[in-house]
Amino acid sequence: MIPLAHGGRLVDRQLSGPSLARREAELRDLPKVRPFIDQLYDAEKIALGAYSPLEGFLGPSELEPVLERGRLPSDLPWPMPVLFPVPEGADGGASKELKAGDEVALLDARGVATALLKIEERFRFDRAALARKVYGTEDAAHPNVADIVRQSEHAWSGRVDLLRRLDTVGGRSEPGPAELREEFRRLGWKTVAAYQCRNPPHTAHEYLQRVTLEREEVDGLLVHPVVGRLKKGDYRPDVILDAYDALVRGYYPPTRVIVRPLGITMRYGGPKAALFLAIVRKNYGCGVYIVGRDQAGVGKYYDPYACHRIFDEYDIGVVPLRYEESFFCRRCGWMASEKVCPHGPSERVATSQTRVRESLAKGERLPTEILRPEVAEVLRRPDAVLTS
């Protein structure tokens, strides 16, 4: 069955009707800030229920148990803090320092108010301790640690109300948790598996998805690419989505797989991030979650299979499907893993994103053992990768 939201209730803090009209009329008198894009994504996801049971950004009494035990004060598993560092110049730009009880409008890059934050507390947090306890390192070469270093050491906590959805990413509408749950019901899916990704698919990805779809208890698969804040060298969101569309259209039954974007910034937290991303997909209605090797890892910061073991430490009400690294075996003539293939490394064809990118950049044709030709065609677009 489609699981209940994490904590038992799907949060909904979207304003509509007379409430929305009234709050929009009050915007003129409210202080306004333009936060980092990560906090805008998080504010939207809080209001839509993707981060249920959170109804706002964490305060110090919630942050402490999350950092120390990976749980909210209620003891519900929650491995990653969702904070709102005070935007640069926010206090100095107001007529008085914003404090508990004040309300502030959150502006997007165009200066449009998208959400309201009711400040409950302004508090200081230890950035080095936050980095160490969440990401396991204080090394600023880690992308999320670099973000922490750049941000304020003060944060606001408080509940969020959503005025309007953020602009679509990759030109696609992004369904919220309630909308996706309804879509699953229309499709007749009772048990849905979620596939987390942030890159276009190669055959190793496809192998995990196919093995999952073979399971008797799985009715359908949600491919849910994270397409939030990007950096130079990343594939464009529309390219990732188009590549998956090409795979699904050409190689999957149309009634068993759907592709929908998820607009959040990627957290490269290894096992903690894998657990967090599984909780998010539970809130979207997925009771099964695919966990590959080194999910949500970056560089060499994490044990590649720590993301598997963390699901033994925390019961989040989702069935984890833990898969080892897969490869194409020339002798077997098929995708495989060490669990089913006896042949040595000399028979294996690596299917890494690094190899795919390098080969495409050189104009080389990749064998179908690594990349479907329809997917390769999408990735060869001149503007497929961000250059700045």
Please work out how many pairs of lysine residues in the chain are eight or more positions apart (or on different chains) and have Cα atoms closer than 15 angstrom.
-> 7
Amide H neighbours of residue 334 under 5 Å, at least 5 residues apart or on other chains, H built in the peptide plane: list them.
-> 329
For the stretch 140-199, projected area of the alpha-carbon convex hull averaged over all directions, nm² | 7.6 nm²
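If Lys and Arg each add +1 and Asp and Glu each add -1, what is the summed charge of the other residues whose beta carbon sits under 12 Å from the beta carbon of residue 387? List each step's numbers first, then the result.
Values: positive: 231, 232, 236; negative: 234, 383.
Result for the local shell: +1.
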Angle in degrees between helix 237-251 and the longest Cα principal axis of the chain, rounded to the nearest 10 = 40 degrees
Debye, to nearest 20: dipole size of the chain, +1 on Lys, Arg Cβ, -1 on Asp, Glu Cβ | 640 debye
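If you add up the charges near residue 79, with Lys and Arg at +1 and Asp and Glu at -1, over every other residue whose beta carbon is less than 9 angstrom from its beta carbon, what do you get?
Numbers: positive: 71, 272; negative: none.
Residues near residue 79 contribute +2 overall.
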Starting at 0 and stepping by 10 Å, how many percent of the alpha carbon pairs of the stretch 177-379 end up in each bin?
-> 8, 34, 40, 16, 1
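Would you mind putting 319-331, 201-213 in packing order, based on average other-beta-carbon counts within 10 Å, highest first? Please list the in-between numbers first.
Numbers: 319-331: 18.0, 201-213: 20.1.
Descending mean neighbour count gives 201-213, 319-331.
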Evaluated at q = 0.09, 0.17 Å⁻¹: base-10 log I(q)/I(0), Debye formula over Cα of the stretch 17-162 = -0.28, -0.99
What spacing in nm lies between the two simple spin-label points modelled at residue 331 and residue 26, each 7 Å away from Cα in the Cβ direction?
-> 7.0 nm
Among 128, 142, 25, the residue whose Cα sits farthest towards the positive end of the charge dipole of the stretch 17-162 (+1 at Cβ of Lys and Arg, -1 at Cβ of Asp and Glu, taken about the Cα centre) is 25
Using only the Cα atoms of the chain, each taken as one equal point scatterer with no solvent, compute I(q) by the Debye sum, divide by I(0), and report log10 of the ratio at q = 0.07, 0.11, 0.12 Å⁻¹.
-> -0.33, -0.82, -0.97
Rounded to whole Hz and in sequence order, give me ³J(HN,Hα) for the stretch 17-26 from the Karplus expression 6.51 cos²θ - 1.76 cosθ + 1.60, θ = phi - 60°, writing x for Gly and Pro.
-> x, x, 5, 5, 4, 5, 5, 5, 5, 8
So how much slack lies between residue 383 and residue 231, counting 0.36 nm per residue of separation and subtracting their Cα-Cα distance, in nm?
-> 53.3 nm
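Once the other residues with Cβ under 13 Å from the Cβ of residue 234 are scored (Lys, Arg +1; Asp, Glu -1), what is the net sum?
In short, +4.
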Spin-label model distance (nm) - residue 349 vs residue 190, 7 Å beyond Cα toward Cβ | 4.0 nm
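Since every read-out is calculated from the coordinates, none of them should be taken as a lab result. What you are looking at is a predicted structure, and each value in this text was computed from that prediction instead of being measured. Reconstructed Cβ throughout: ideal geometry from the backbone, glycine too, with neighbour counts over all protein chains shown.
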